[in-house]
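In what follows, a single structure is set out as structure tokens and then discussed.
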Amino acid sequence: MADKNTAPDSLQRGLSKRHVTMIAIGGTIGTGLFLGAGDSISLTGPSILFVYLLTGIFLYIMMRAIGELLYADPDNNSFVSFVSKYLGPGAGHFVGWSYWITLILPAMAELTAIGKYVQFWLPTVPAWLIEIVVMLLLVGVNLVAVKFFGEAEFWFSSIKIIAILGIIITGILMMITGFKTPGVHGGVVSFANITHHFQLFPNGGMNFMMAFPMVFFAFVGIEFVGLMSAETKNPREVMPKVINTVLFRILVFYVGALAIIMSIYDWHYLPADQSPFVFIFKLIGIDWAAALLNFVVLTAAMSALNTLIYSAGRDVYALALENTGKWQDYFKRLSTKAIPARAILFSAILIMLTPVINALPIFESAFNFFASATAAITLVIYSLIMIAHRKYRASADFIEDGFKMPFYKVASPLTLLFFLFIFGTLFLDKTDTIAALGGIAWTVGYGWYSHKKYGMKFN
């Protein structure tokens, strides 16, 4: 029996099915739904439901690819390891550090947002102080034990779910009672508000196409569950069940919520520059809707930041296990609680530079550029995961009776084509075009470096 003071050499399975399920839900519900739904609805009206559904189906297929890989090797620390295994160490190095950047920059953005949300109630407290306190709190949660992270995320996600179910139930009750919304453009709450004079391209085909990247990036984070297998109890039992609910969650929490909002009020008159959730709550007489939504988006941002800290730490830890060297040996060491504490603290220190960056205007445009570019890089990462899955299917590791992706021969290439299509739609908008070009520059530049230093194979 090992000395109790000796650091363990593997992660502890402290996440239960309850934790993983809620974390998976939290990964698909962000502040974009609560604050940005009005913008996405204004682009193309009720046909935005098709965009969410189609995008959700392809991301579900990607999650089934990750699920199949995790089922084949449930002790694996992340999907980064699968990319290294099936596409070569160069590809794994590229994906690992690229993915880490796509975690750090959004974490900085979430921390900045949290400072603003808290100032809604504490306007005299400086944002930098709020940001430091929040980071210390969440890093503490992540360092104590993985079950504490899971428990915190369970309650953060619960608040988001209750808020969305609240608007759905409210809308259904309105329909049943024949509620008529007030105002010049008010009317009876009904699904007829969606189907009446329905057009697939009410604002033109270009706006319909531009909705795809907006919706895609609202789903980014859905892959977080792919970092948790090594810390999940009974992963071969839990992971398939959790991943199989992804499509259901998309239907309920995104398609369902937006359908209800557009049923309550004519979408033509929903404000694009404010949350439709606040607008709807005010319509039904809840004057403190802004305070309510602020609480919800605060918990959503806390949830996102909590998960980003967790994921960044596990990503660095997984990269450290891939190779030998001084920095790898340093970051592969676990704490006595079986937590990759050094990797978490390294990521957290960079995230805590947020107040400094926010205080220097010269960094603002650069920060926005890199934040947008990381969104484009995510498409490259997702595509490499899909290619790694295809290589797994052709390898001796393939388990015929495992948790297999449905309709693999058709679904896999279609998903890769869909990711290429999303990347192409980035060039329809000036801001997204800059992001796409930044993503291409990073992929070519850092991809070349990874290939030269570590080697990359695609055969």
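The values are calculated or read from the model by the stated rules, or taken from the named source; none is laboratory data. Every value quoted in this text rests on a predicted model; they were computed, and no experiment measured them. Using ideal geometry, Cβ is built from the backbone for each residue, glycine included, and neighbour counts are taken over all protein chains shown.
If the condition is being at pLDDT 80 or above and touching a Phe, Trp or Tyr at 6+ places or on another chain (Cβ under 8 Å), then segment 220-234 contributes only E223. Among the residues of segment 398-436, those that are surrounded by fewer than 16 Cβ atoms within 10 Å (Cβ to Cβ), within 30 Å of R236 (Cβ to Cβ) and either of a type in the set (V, I, T) or under 22 Å from the mean Cα position of the chain (by Cα) (or both) comprise I399, V410, L414.
Does A289 satisfy the condition of being surrounded by fewer than 24 Cβ atoms within 10 Å (Cβ to Cβ), touching an Asp or Glu at 6+ places or on another chain (Cβ under 9 Å) and farther than 25 Å from M135 by Cα?
Working: surrounded by fewer than 24 Cβ atoms within 10 Å (Cβ to Cβ): yes; touching an Asp or Glu at 6+ places or on another chain (Cβ under 9 Å): no; farther than 25 Å from M135 by Cα: yes.
No, not satisfied.
Condition test on F148, is it out of contact with any Phe, Trp or Tyr (no Cβ under 7 Å at 6 or more places or on another chain), at pLDDT below 90 and under 19 Å from A348 (Cβ atoms)?
Working: out of contact with any Phe, Trp or Tyr (no Cβ under 7 Å at 6 or more places or on another chain): yes; at pLDDT below 90: yes; under 19 Å from A348 (Cβ atoms): yes.
Criteria met by F148.
For segment 97-112, the set of residues classified as within 16 Å of the chain's Cα centre (by Cα) and of a type outside the set (V, I, T) consists of S98, Y99, W100, L103, L105, P106, A107, M108, A109, E110, L111, listed by residue number. Within segment 105-124, the set of residues being surrounded by fewer than 19 Cβ atoms within 10 Å (Cβ to Cβ) and either among the aromatic types (F, W, Y) or without any contact (Cβ under 8 Å) to a residue 24 or more places away in the chain (or both) comprises K116, Q119, F120, W121, L122, P123, T124.
The set of residues in segment 69-79 that are within 20 Å of N244 (Cβ to Cβ) and crowded, with 23+ Cβ neighbours inside 10 Å comprises L69, L70, F79.
Working carefully through the options G205, G178, find the one that is under 28 Å from the mean Cα position of the chain (by Cα), free of Cβ contacts under 8 Å to residues at least 24 places away in the same chain and loosely packed, with under 14 Cβ neighbours inside 10 Å. Walk me through how you get there before you give the answer.
Details: G178 fails: under 28 Å from the mean Cα position of the chain (by Cα).
Checking each option against the conditions leaves just G205.
Put simply, of W121, W128 the only residue that is in contact with a Gly (Cβ under 8 Å, 6 or more places away or on another chain) and modelled with pLDDT of 85 or more is W128.
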